[in-house]
Every structure is written in structure tokens, then in C-alpha cells.
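The values are calculated or read from the model by the stated rules, or taken from the named source; none is laboratory data. Just so we're clear, the structure is a prediction, and the values are computed from it rather than from any experiment. Note that we place each Cβ from the backbone using ideal geometry, even for glycine, and neighbour counts take in every protein chain shown.
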Amino acid sequence: MKAVRFTSTGNPLVLQEIPVPRISENEILVRVKAAGVCHSDEHYRAGISKPEFLPITFGHEVAGIVEQTGREVTQLKQGDRVALHYLVSCGMCFYCMSGHEQFCDKVKMLGKNLNGGFAEYIAVPSRNAVNLPGNISFEEGAVLMCAGATAYHCLLKAKLEKGNTVAVFGAGGVGQSVIQLATVMGAGQIIAVDINEEKLRIARQFGAVSINSKKVNPVIQIKNITKGRGVDVAVEVIGIPQTQKQALHSVAPLGRVVIVGLSDAVVQLDTYHELLQREAQIIGSNDHCLNELAGLIQLASEGKFNVSGIVSRKISLDADEINNTLDDLARHQAAVRTVIIP
């Protein structure tokens, strides 16, 4: 089969011919119909976060059709439409049993610790497959598995309450998902911060007030919009120290800052003035949980979460196109979400 693979840090991905994966008795073989390109993939390519082995096939946002099932798989059959939870865990430890499999000692991530979906086929444990209703396209289903699920998880971590004001720093796939899902969960005013006018235009379509931080100071603007108070929840999905600090400075007393964006940079804090004085909270949000996905997919299926507006570009399983997309992500100039259609 064809797969676009990462072979060395800092170098472009390459198209290779590799064997179709063989499955065990508890696994399924999925014919990939869509795979999202995430900013995390660029972090892996750049060496900010390192894959477990090389060469490796990236791609953790995956949806497709069940091609083959292991002999002990009973809940799925050939031809089923599925989206794939990207965390493969043991299923038996304390964290797995309590629904927090991202902390399993044996957890592995598709596209980072295991071969992912930038390929024609992928093998995963059957428990990682979530039914994808017919009214959700494969590309939408793929994006739900990271951009949507990460946004949903971080808002649950933020303990978002009805009427809360929200600022989102970064209006890419995760940021646009935060805007929509916060609305569904009852948020009041939502403010989107970015430097890309097209992303801000889409954010406005989803009901957010937009701030171009290339033109104005976003913290001052947020304070002006909220009549000096600040927001209840600030979500940072970019992974830049500057925007992480801006998110912290934008919250009101008792505000919650949720850090989602990956970064290898150190952020310094004035603990009294930035945290204690306002009793602000900084919350880390790591991935998402399998038990959250059914509810998220239901929101999309019912039309309450419009994933189609987040999928803004489609490309083929072509190394040059994928590398160009990763280059754009590195420059923070990419489309909201690019999806590969093998």
C-alpha cells in the first residue's frame, strides 16, 4: 500500500510502498477514507515532540471503512463506517478503567507511537473504532477525532458554565471547534483571537467576536469588549508563550486558562500578580477520552456541531501536498483544517 512517511527529523515526509498491516484477533483493518493534518504532525516533523520510531506514518485523525476484522471481534463487521480514537491503551489499568486512558502506562498514539493514517490502510484494536453515522462525511469524522474531541475535552476540563464568556487564542481546527462547542454548551460571548483574517472570518460565521492580534493588543481588546472584567475562560490552542501569557492576562478574577497548544518553551509566571491575586487557574488539557466521543459524534450528527465548516481544504495522499501543508502550519498560515483523501 501507499503511505506518506516521516524518516528523519526536520526533513520532508516521503511517499513509500509498505506492506498492508496484518491484524491480530482483537484488531480491525480499516481502509482510510480521510486523515486530518494536525499542527501536532508539524511538531513531530520539526522535532518539538519526537515519534517513538522511524520511519513512521503520521496521522491521528482517521476515518474509514472496516475492511477486515479479527476472529474475536464481534461488534464490528466489514463495511462499517468508523472513526478512530487515536489513543491505544491497555484497557485494564486504573486509568483505563476510570476513563482516563491518556495516562495509561502503556498508552500509544496513532501517528506518533504507532503507524497512523497517512496511508491507504491502518490496523487498530477494535475498541478504538467509533461508529460514524451516514450523515457525517469521512473527512468530518476524521476531524472530530482530534480537533473536535480536543476542543470538547478542554471545555469539560474548564468546567464551562452557562453564560460564561470565552476567549479562544487560535482559530484553527481546534479553535473553531471550541467556538461551536462552547456555544452548544451555553457560553455567552465568545471571542476569537488570531492573525489570519480568513480564520477570523469563519469564527465570525460561528458567532464569535474576532480580534486580529497582528493589528491590536488582544488583552486590551478583550478587556474593552468585556467592560474591563475579562473572560471567564481562556483557551490557548497555539502553543506560543506569548499567547499563553495573553490568555492568562485576559481572564477575570476566578477565571480559568486552559492550555491545549503544544510547546517546548518555558513560560515564566509572576505567581502573585498573575495567579494568586485573581485566584486564576491554569489547567492543562491533554488529548481526550474515548468515553467522550459518542456524545461528540451525536452533536455533529444532530447538526449542533458543524464540522463541515472546519474542513477547509482537501488534498490527496501526496508527499509534496502534505509537506506544503505542514510548512504552512509551521508558519501559522495553514487553512483551518486540511484533510487527506487517499
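Within the stretch 1-12, being surrounded by fewer than 22 Cβ atoms within 10 Å (Cβ to Cβ) and under 23 Å from the mean Cα position of the chain (by Cα) holds for Arg5, Thr9, Gly10, Pro12. Go through the stretch 230-275 and report how many residues are of a type in the set (D, E, K, R), under 22 Å from the mean Cα position of the chain (by Cα) and surrounded by fewer than 16 Cβ atoms within 10 Å (Cβ to Cβ). Selection size over the stretch 230-275: 1.
When Ser250 is tested against (1) touching a residue at least 60 places away in the same chain (Cβ under 8 Å); (2) farther than 28 Å from Asp264 by Cα, only condition (2) is not met. Could you say whether any residue in the stretch 16-35 is within 23 Å of the chain's Cα centre (by Cα) and in a loop (DSSP other than H, G, I, E, B)? Within the stretch 16-35, none of the residues are within 23 Å of the chain's Cα centre (by Cα) and in a loop (DSSP other than H, G, I, E, B).
Screening the stretch 142-222 for strands (runs of 3 or more DSSP E) wholly inside it with 1 or more residues that are within 30 Å of Ala294 (Cβ to Cβ) returns the ranges 166-169, 190-194.
For the stretch 263-279, state whether one or more residues are closer than 14 Å to Ala151 by Cα and aliphatic (A, V, I, L, M). No; the residues of the stretch 263-279 include none that is closer than 14 Å to Ala151 by Cα and aliphatic (A, V, I, L, M). Looking across the stretch 248-277, just one residue is of a type outside the set (A, V, I, L, M, F, W, C), farther than 24 Å from Gly172 by Cβ and part of a strand (DSSP E or B), and that is Pro253.
Quick one: in the stretch 111-139, which of the residues that are in contact with an Asp or Glu (Cβ under 9 Å, 6 or more places away or on another chain) and part of a strand (DSSP E or B) is surrounded by the fewest Cβ atoms within 10 Å (Cβ to Cβ)? Checked the stretch 111-139; the qualifying residue surrounded by the fewest Cβ atoms within 10 Å (Cβ to Cβ) is Asn131. Would you confirm whether any residue within the stretch 62-75 is charged (D, E, K, R), under 17 Å from Asn128 (Cβ atoms), more than 23 Å from the chain's Cα centre (by Cα) and modelled with pLDDT of 95 or more? Yes.
Kindly indicate whether Ala203 is over 20 Å from Glu161 (Cα atoms), out of contact with any Cys (no Cβ under 9 Å at 6 or more places or on another chain), surrounded by 13 or more Cβ atoms within 10 Å (Cβ to Cβ) and not β-branched (Val, Ile, Thr).
Judged against the criteria, Ala203 is a match.
When the stretch 303-320 is limited to residues that are polar (S, T, N, Q) and assigned to a loop (DSSP other than H, G, I, E, B), the one that is nearest to Glu198 (Cα to Cα) turns out to be Ser312. Going by what's in this entry, would Ala300 be described as among the hydrophobic types (A, V, I, L, M, F, W, C), part of a helix (DSSP H, G or I), surrounded by fewer than 16 Cβ atoms within 10 Å (Cβ to Cβ) and under 18 Å from the mean Cα position of the chain (by Cα)? The answer is no for Ala300. Looking only at the stretch 167-181, which residues are among the β-branched types (Val, Ile, Thr) and closer than 14 Å to Arg204 by Cα? Across the stretch 167-181, the qualifying residues are Val168, Val178, Ile179.
Scanning the stretch 57-86 for residues that are hydrophobic (A, V, I, L, M, F, W, C), surrounded by 20 or more Cβ atoms within 10 Å (Cβ to Cβ) and not in a loop (DSSP other than H, G, I, E, B) turns up Val62, Ala63, Val82, Ala83, Leu84. So Asn323 clears everything in (1) in a helix (DSSP H, G or I); (2) in contact with a Leu (Cβ under 6 Å, 6 or more places away or on another chain); (3) at pLDDT below 95 except one condition, right? Which one? That leaves (3) as the condition not met. From the list Ala171, Ala149, Ala192, the lone residue that is out of contact with any Phe, Trp or Tyr (no Cβ under 9 Å at 6 or more places or on another chain) and surrounded by 24 or more Cβ atoms within 10 Å (Cβ to Cβ) is Ala171.
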